Structure formats: C-alpha cells, structure tokens
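**Q** Next up is a structure, given as structure tokens.
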Amino acid sequence: MKHLIAPSVLSADFANLQRDTEMLNASKADWIHVDVMDGVFVPNISFGFPVMEAIKKHARKPLDVHLMIVNPDQYIERFAAAGAAVITVHYEACVHLHRTVQAIHAAGCKAAVALNPHTPVALLKDILVDLDMVLIMSVNPGFGGQQFIPNTLNKIAELRAMADQVKPELLIEVDGGVGLHNLGQLIAAGADVFVAGNAVFAAQDQLQMISDMKEFDQHLSKL
Ligand code: DX5
Ligand code: ZN
C-alpha cells in the first residue's frame, strides 16, 4: 500500500482555518490530522469541538482525530458526531482500553491507540487484533515543531513484526518531527501514515511539500 499523508492543523493559521482546510482539500493529503489537547494529559491546550466542527464544515478528507486527553471515553460519541473518521486514544490515558476501542467502533469510527515515546509496543500484544491503527509518538505529545526521537524507528519495526503475525493490515502512523529528512527511513521501518505539522505549514510552498511527501519515491529519484 502506498503511504498516507496526514497534515496536522495544529500548525495551521487558526485565524484562517477555512483557507488552510481548503488548501488541504486541494492537496495530495490523504487525511486531516486533528490534535485535541486538554492541558491535563499534556502540558498544552489546543482546541475542542467548536474548532473541530469548523474544520469539518470545509474538509473534504477524513478527519484523523488524535485525543491527547484524560478520560477520552466520556467524549467518543461527541467526536464521532463532530465528524471524526479515525479516533486515536492514548494507551497511557485508558484504564479499560478494550472497552474504549469497542466504544470507538460502536460510534462508527476506525479505532487507533497512541503510544508515548517511553511506552513499549509489546504492551499492545493483546489488543492489536482489535485495532485499525497504532500511532507511534515520535516526540513527547503536546507541541508541534519538536525534534524526532530516533528510537521511534526501532519501535515501528518491532510493531510491524508483531502485527504481521496477528493483523497484517494494521496501519502504523508516526507523529512528531516527521518530514522529508526522515520519511525514507520511516517507510523502510514499516510505517504507513505520516503526520506532519511544521514540515507542511512552515514550508514556502505547502502544496508542493505535501506532494513531495506523498510522492516520496519519485521525489528521491529526482535528487
Ligand atoms: C504533537 C501532535 C502532533 C503535532 C506534530 O503532540 O500530536 O500531531 O502536530 O507536529 P510536527 O509535525 O510539527 O512535529
Ligand atoms: Zn497528533
């Protein structure tokens, strides 16, 4: 399968969300990554339902909603109603993870679990078969524009080997410090979905950057 690109609107211009969402509609992006932070699970507050609904109003691509919040169970139905196609909860925030995953599916969404940089992939062994995707955090969650943590590559390779045994179609998403400089290594390690905030929105030509990331193989051959 060709890899997917999910630009993160955390790095968009919040005063021009319609413009930036339309740029993503016109781009080669596959999904739109929506980072929800509550100021408790992570040391930052991003946005909640009103902003997500405003994005949804204009978005013509699936919303990939990354919940960096405590007690996500309380809000799953509301995020589904607000237009989420994929809902990702953090392993570290869910005491009854299996029940949470069931609730995401019951709400009609794809279910994913995110792991912080310190959380071993082996902990997902008994839930992997129930998941559509695993999100490997390649920075500590909370902020855009941070530096990629290299051990992420080992985690992706280990998870891909685990998934090949029980759930070969599992998607592996990487989030944090992703750009053209490490995309090749991440694809080789076995990742499928690439979140990019700063790499896309700080680029001179955002459409071109998304295209370069999507057509990475062709991009390489041009160098
Ligand atoms: C970080 C968020 C990321 C963030 C990535 O906590 O989960 O999705 O937007 O931003 P970059 O690509 O700038 O590291
Ligand atoms: Zn994210």
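FYI, it's all coordinate maths here, none of it is from the lab. Quantities reported herein were computed from a predicted structural model and do not represent experimental measurements. Backbone-built Cβ (ideal geometry, glycine too); neighbour counts: all protein chains shown.
**Q** Dipole magnitude of the range 4-222 about its Cα centre, charges +1 at Lys/Arg Cβ and -1 at Asp/Glu Cβ only, in debye to the nearest 20?
**A** That gives the range 4-222 a dipole magnitude of about 160 debye.
**Q** Work out Dmax and Rg for the range 69-125 from the C-alpha atoms and quote the Rg first, both in angstrom.
**A** Both quantities, over Cα of the range 69-125: 11.1, 33 Å.
**Q** A further question on this structure: Per residue of the range 11-18, in order, report the coupling 6.51 cos²θ - 1.76 cosθ + 1.60 (Karplus, θ = phi - 60°) as ³J(HN,Hα) in whole Hz, putting x for Gly and Pro.
**A** 9, 6, 8, 5, 7, 9, 5, 5
**Q** Something else now. Report the gain in length on full extension from A54 to V40: 0.36 nm times residue separation, minus Cα-Cα distance, nm rounded to one decimal.
**A** That pair, A54 and V40, stretches by 2.7 nm at full extension.
**Q** Next question. Expressed as a whole percent, how much of the Cα-Cα distance distribution for the chain exceeds 29 Å?
**A** Cα-Cα pairs in the chain separated by more than 29 Å: 19 percent.
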